[in-house]
Every structure is written in C-alpha cells, then in structure tokens.
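The values are calculated or read from the model by the stated rules, or taken from the named source; none is laboratory data. Here the structure is a predicted model, which means the values were calculated and not measured. Cβ: placed from backbone, ideal geometry, glycine included. Neighbour counts: every protein chain shown.
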Amino acid sequence: MKKYNSILIAIFILLIIGISSCEKDDLCDPSLSVTPRLIITFVDIADPEDRKTVDELQLQAIGSSEFAPLNSSGAQLLIDVDSIAIPLRTDDVTTTYSFIKTDGTGTNADLVEFNYSLSETYINRACGFKVTYDNLGAIRLPEITNDEWINNVRVLTENVTSNNDIHIEIRH
C-alpha cells in the first residue's frame, strides 16, 4: 500500500510540473491564429435587402486546376447557397475567381477580381503570424458575350480581419 501511495504521489508531482511549465506563448488558440476568409453574400438585384440563393456554385481561382473551398469545412460545391467564405491569396495582392453558377438553363462563369493590401500580425510563438487584408476592392471583369449572371459586386467592409463580418455583396 505504501509503495502504491508513493507511485501516485510521484505521478501527481510530475503532472503538476508538466502543466506549470507551459507558458501562454506555448499554446495557440485557433480563433486567434486563423487567417480570415472573405465572406460573400448573394442578394437579389431587384431587392438588395433580400438574400438570393445560387442554385449550384463552384469557384475556381485563375491559374488553379482545382476548385476553391467555399466554407470552413472545405466544400467545393454548394447548392442553394446565399453566402460563402473563401480564401484570398497570401502571396499576392490580387485574387481572381471564376464564379461558376449552374442552374436549369446551364452553366455560366463570371470573373471577379479582388484587390487588397496584405498585413501580417504576430500572434505569439506557437501561432506565428496571421495575414489580414486591408483596402479591399472588388470588380466583376467584363465578358465578351455579355452573358453575366453577376450584375454588381459591392464592398461592404474594406478590412478583412475576422470571419464575423460580411465583406462583399454580390447582386444577381
């Protein structure tokens, strides 16, 4: 019994030493370290107060062969969606996406270019840096065919610093 108590005391002391040796900088809170995504909502061109869903939506970055993740779970195709959360490039000040909409009439792709300046913020030793985007601008690039499904792109929040704000409104 005495040997058992000694082992328990030794384990308890080791646990206390292990826990107390961690510093705040050794832990990374995921909510602090995540580079924010661009939050986009889709609204009705006739009534901008009403959100309007897109039947099927995929995005492909220009220069990429893969489709972009449209939400935090990484879905590359969303159905009946009225908002998305997409990544912007952290190695350039421009990201251009092809917004590919599929509905009963077929598939239509419109190009939207996002311009911004990059800011790196030091979080701590465990997390390192996160990137935020300032002076956000967005423009729908014209098509030769005049078959755009996106009528207007409007910037609502110029600084992308969190995943809690709506940054862009797309009217269609």
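Candidates I62, I40, I45: the one that is surrounded by 17 or more Cβ atoms within 10 Å (Cβ to Cβ) and not aromatic (F, W, Y) is I40.
When only residues in segment 142-172 that are among the β-branched types (V, I, T) and either modelled with pLDDT under 90 or touching a Phe, Trp or Tyr at 6+ places or on another chain (Cβ under 7 Å) (or both) count, which is nearest to T41 (Cα to Cα)? Steps first, answer last, please.
First, pick out the residues of segment 142-172 that are among the β-branched types (V, I, T): 144-145, 150, 153, 155, 157, 160-161, 166, 168, 170.
Within this subset, residues satisfying the condition of being either modelled with pLDDT under 90 or touching a Phe, Trp or Tyr at 6+ places or on another chain (Cβ under 7 Å) (or both) are 144-145, 150, 160, 170.
Numbers: I144: 26, T145: 25, I150: 12, V160: 15, I170: 6 Å.
Across segment 142-172, the extreme among qualifying residues is I170.
Scanning segment 49-101 for residues that are assigned to a strand (DSSP E or B), in contact with a strand residue (DSSP E or B) (Cβ under 6 Å, 6 or more places away or on another chain) and not aliphatic (A, V, I, L, M) yields a total of 14.
Only a single criterion out of (1) modelled with pLDDT under 95; (2) on the phi < 0 side of the Ramachandran plot is not satisfied by I139, namely (1).
Every residue in segment 112-132 that is closer than 19 Å to R171 by Cβ and surrounded by fewer than 17 Cβ atoms within 10 Å (Cβ to Cβ), please. E113, the sole residue that qualifies.
Counting only strands (runs of 3 or more DSSP E) that sit wholly inside segment 114-172, those with at least 2 residues that are without any contact (Cβ under 8 Å) to a residue 60 or more places away in the chain are 128-140, 152-155. The residues of segment 72-106 that are surrounded by fewer than 14 Cβ atoms within 10 Å (Cβ to Cβ), within 21 Å of H172 (Cα to Cα) and at pLDDT 95 or above, listed by number, are L77, I79, D80.
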